[in-house]
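Enquirer: Let me give you the structure first, and then I'll get to my questions.
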Amino acid sequence: MTSLKREACLIGGEWVSGERWIEVDDPATGAVIGRVPRLGAAETRRAIDAAEQAMGPWSRLTGKERSRILRRYHDLIMARQEELAALLTQEQGKPLAEARGEIAYAASFIEWFAEEAKRVYGDVIPSHAPDKRIVVLKQPIGVVAAITPWNFPAAMITRKIGPALAAGCGVVVKPASQTPFTALALGALAGEAGLPAGLLNVVTGSAAEIGDTLTASDKVRKLSFTGSTEIGAKLYEQSAPTIKKLSLELGGNAPFIVFDDADLDAAVAGAIQSKFRNAGQTCVCANRIYAQAGIHDAFVERLAAATAALKVGAGTEAGTEIGPLIDDKALAKVREHIGDATAKGARVLTGGMPHARGGRFFTPTLLTGATAEMLVAREETFGPLAPVFRFRDEDDAVAQANATPFGLAAYFYARDIGRIWRVAERIEAGIVGVNTGLISTELAPFGGVKASGLGREGSRYGIDDYLEIKYLCLGL
Ligand code: ADP
């Protein structure tokens, strides 16, 4: 078996080297683990052309034929799960157990959309005239560009390429520069699985240059982006002249609400899972924890104990629950949020400072007395910091939870069935976890409202964004 670690980009089925390079480091040690080419506009255009050429014959296969190849791709990813997880942890930092979980989660999107490839149904609509018939076809949208972040280096790619390839599209992936090796490994496995050369291209390099080229191209009909709202808005604007279809999975600011009638132990367990997975670096991480007055103190006490018990370490060390943050900027943001909150009256119950190991490790932190004026209320911390806010009643909780431009995930714990319905309906979010802190699965539609984005990924809805509807009006 050849190693999956490639220091070259995949364009038109060839491994392409570069003259300039990007170094990739291990967040746990800061040591350089390898390098990838710093490619730009010319190579991106070649990748787009390759995707366009390859998608012709690919889109003319039957859904069942595409399905069979994608199924093999899934099986290969799972066969190499351990190696992929090790690579992922090395460049991203998350605990190995989480990396294994991510590889399985990533593969699940390929499996799911392999199955969906057979179910791209059209429609026959009762006609408006006796001598006409109305038929609706669904066809692949065209070349797809996928720009992906570093926090889920495998799953954020397969969630996009799964439906794109199943629909019959060719793809150009631009992975985050912090975590390109997982992306390149997925490229290598695609070839092994029998995906035609050029159908899936992976280009590393200057984000701005590659992004500009992808958005300017009129061959690229669809852009799927996961990342910050700031860059998402920029890509939206850049895509306007060519009227591309966009999927944007942007920042969140998830509220996590604990009502007086909640099962407190379950709420603590859910808060830990939702807040601290991937060291707090997920877009659906609980960012603001709201505790109702009646249970506030008891909840906070238990949550503080559970937070303090989390084991910090390198992702490769057995038992690690909290790995390093991705880079120094991420660490600085956590410190800034804690500094701002304490200056405005919040109290540190546990943690509050970088971890004794140094480097990019930060101690899991719990703050109480958080208020709407603090940065922790307005911005995603994207780190292991849990600020707790207090609320009075249902209206107060919903008002505070919705007081943000974002609307990706929201969570709440309650037992009263009337309250559960009311709050679930009033929360402005694309995803609501009720009595659970874990919501991600390939079977359900993932996506946000308001400034958190456009479109849904995964589930039976996830392929729609990669299809165009064509209406045939048949005169008899
Ligand atoms: P994060 O905070 O997750 O790093 P970013 O939005 O900065 O979020 O990055 C997400 C992805 O977008 C990465 O692949 C990054 O390289 C890419 N990116 C950053 N800036 C641009 C840009 N100007 N054009 C296109 N892609 C970009």
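A short reminder: the numbers here are calculations on the coordinates, not readings from a lab. All figures in this text were calculated on a predicted structure; none of them were measured in a lab. Because the Cβ atoms are built from the backbone with ideal geometry, glycine has one as well, and the counts that use them run over all protein chains shown.
Enquirer: Give the residues of the stretch 143-170 that are aliphatic (A, V, I, L, M) and within 12 Å of the ligand (Cβ to nearest atom), sorted by residue number. Explain how you work it out, then say what you get.
Expert: Taking the stretch 143-170 and keeping what is aliphatic (A, V, I, L, M), we get 143-147, 154-157, 161, 164-167.
Within the stretch 143-170, 145, 146, 147, 156, 157 meet the criteria.
Enquirer: In the stretch 105-119, is there at least one residue being surrounded by fewer than 19 Cβ atoms within 10 Å (Cβ to Cβ) and among the small types (Gly, Ala, Ser)?
Expert: no
Enquirer: Just need a number here: residues in the stretch 407-458 that are of a type in the set (Val, Ile, Thr) and more than 22 Å from residue 397 (Cα to Cα).
Expert: Here is the first cut: in the stretch 407-458, the ones of a type in the set (Val, Ile, Thr) are 417, 420, 423, 427, 431-432, 434, 436, 439, 441, 449.
Checking the rest, the ones that are also more than 22 Å from residue 397 (Cα to Cα) come to 441.
Matching residues across the stretch 407-458 total 1.
Enquirer: Moving to a separate point now. Being part of a loop (DSSP other than H, G, I, E, B), without any contact (Cβ under 8 Å) to a residue 12 or more places away in the chain and either hydrophobic (A, V, I, L, M, F, W, C) or closer than 13 Å to residue 280 by Cβ (or both) is the filter here, so list the residues in the stretch 311-342 that pass it.
Expert: Correct list: 318 only.
Enquirer: Collect the residues in the stretch 418-432 that are among the aliphatic types (A, V, I, L, M) and more than 18 Å from residue 290 (Cα to Cα), keeping them in residue-number order.
Expert: Keep residues of the stretch 418-432 that are among the aliphatic types (A, V, I, L, M), which gives 420, 423-424, 427, 429, 431-432.
None; the set is empty.
Enquirer: Take the stretch 150-179 and flag every residue that is over 20 Å from residue 100 (Cβ atoms) and either of a type in the set (Gly, Ala, Ser) or in contact with a Ser or Thr (Cβ under 8 Å, 6 or more places away or on another chain) (or both).
Expert: Correct list: 160, 164, 166, 167, 168, 169, 170, 172, 173, 174, 176, 177.
Enquirer: Would you be able to tell me the number of residues in the stretch 218-234 that are within 11 Å of residue 174 (Cβ to Cβ), near the ligand (Cβ under 8 Å from one of its atoms) and among the hydrophobic types (A, V, I, L, M, F, W, C)?
Expert: 1
Enquirer: Out of all the residues in the stretch 235-249, is one or more of a type in the set (Val, Ile, Thr) and farther than 15 Å from residue 409 by Cα? Step through it out loud before you land on a result.
Expert: Within the stretch 235-249, the first condition is being of a type in the set (Val, Ile, Thr), and the residues that meet it are 242-243.
Filter again for farther than 15 Å from residue 409 by Cα, leaving 242-243.
Among the residues of the stretch 235-249, at least one is of a type in the set (Val, Ile, Thr) and farther than 15 Å from residue 409 by Cα, which makes the answer yes.
Enquirer: Looking at (1) within 16 Å of the ligand (Cβ to nearest atom); (2) of a type in the set (A, V, I, L, M); (3) touching a residue at least 40 places away in the same chain (Cβ under 8 Å); (4) within 18 Å of residue 462 (Cα to Cα), which one does residue 173 not meet, given that it meets all the others?
Expert: So residue 173 meets the others, but not (3).
Enquirer: Out of 345, 369, 359, report the one residue that is surrounded by fewer than 20 Cβ atoms within 10 Å (Cβ to Cβ), touching a residue at least 60 places away in the same chain (Cβ under 8 Å) and of a type in the set (Gly, Ala, Ser).
Expert: Of the residues listed, the single one that is surrounded by fewer than 20 Cβ atoms within 10 Å (Cβ to Cβ), touching a residue at least 60 places away in the same chain (Cβ under 8 Å) and of a type in the set (Gly, Ala, Ser) is 359.
For every residue, the table says whether it meets (1) away from the ligand (no atom under 16 Å from the Cβ); (2) more than 30 Å from residue 435 (Cα to Cα).
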| position | (1), (2) |
| --- | --- |
| 241 | no, yes |
| 248 | no, no |
| 256 | yes, no |
| 280 | no, no |
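Enquirer: Further question on the same structure: Return the pairs, sorted by first residue and then second, in which the second residue is part of a helix (DSSP H, G or I), the first residue lies in the stretch 72-97 and is among the hydroxyl-bearing types (Ser, Thr, Tyr), the beta carbons are less than 7 Å apart, and the residues are 6+ apart or on different chains.
Expert: Filtered contacts from the stretch 72-97: 73/110; 73/189; 73/190; 73/193; 89/96; 89/99.
Enquirer: Are any residues in the stretch 220-260 over 15 Å from residue 285 (Cβ atoms), in a strand (DSSP E or B) and small (Gly, Ala, Ser), and if so, which ones?
Expert: 224, 247
Enquirer: Which ones in the stretch 261-302 are more than 24 Å from the chain's Cα centre (by Cα), of a type in the set (A, V, I, L, M, F, W, C), closer than 23 Å to residue 375 by Cα and not in a helix (DSSP H, G or I)?
Expert: Once the filter is applied, which keeps residues that are more than 24 Å from the chain's Cα centre (by Cα), of a type in the set (A, V, I, L, M, F, W, C), closer than 23 Å to residue 375 by Cα and not in a helix (DSSP H, G or I), the stretch 261-302 yields 291, 293.
Enquirer: Out of the residues in the stretch 202-217 meeting the condition of being assigned to a loop (DSSP other than H, G, I, E, B) and more than 10 Å from the ligand (Cβ to nearest atom), tell me which one is surrounded by the fewest Cβ atoms within 10 Å (Cβ to Cβ). Explain how you work it out, then say what you get.
Expert: Keep residues of the stretch 202-217 that are assigned to a loop (DSSP other than H, G, I, E, B), which gives 203-204, 206, 217.
Filter once more, keeping what is more than 10 Å from the ligand (Cβ to nearest atom): 203, 217.
Details: 203: 28, 217: 20.
For the stretch 202-217, the residue satisfying everything is 217.
Enquirer: Quick one: in the stretch 399-456, which of the residues that are touching a residue at least 12 places away in the same chain (Cβ under 8 Å) and among the acidic types (Asp, Glu) is surrounded by the most Cβ atoms within 10 Å (Cβ to Cβ)?
Expert: So, considering only residues that are touching a residue at least 12 places away in the same chain (Cβ under 8 Å) and among the acidic types (Asp, Glu), the one surrounded by the most Cβ atoms within 10 Å (Cβ to Cβ) is 442.
Enquirer: Additional query: Take residue 186 and tell me if it is within 9 Å of the ligand (Cβ to nearest atom) and crowded, with 24+ Cβ neighbours inside 10 Å.
Expert: Values: within 9 Å of the ligand (Cβ to nearest atom): no; crowded, with 24+ Cβ neighbours inside 10 Å: yes.
No.
Enquirer: For the stretch 98-110, name all the residues that are of a type in the set (D, E, K, R) and without any contact (Cβ under 8 Å) to a residue 12 or more places away in the chain. Step through it out loud before you land on a result.
Expert: Filtering the stretch 98-110 for residues of a type in the set (D, E, K, R) gives 98, 100, 102.
Residues satisfying the conditions do not exist here.
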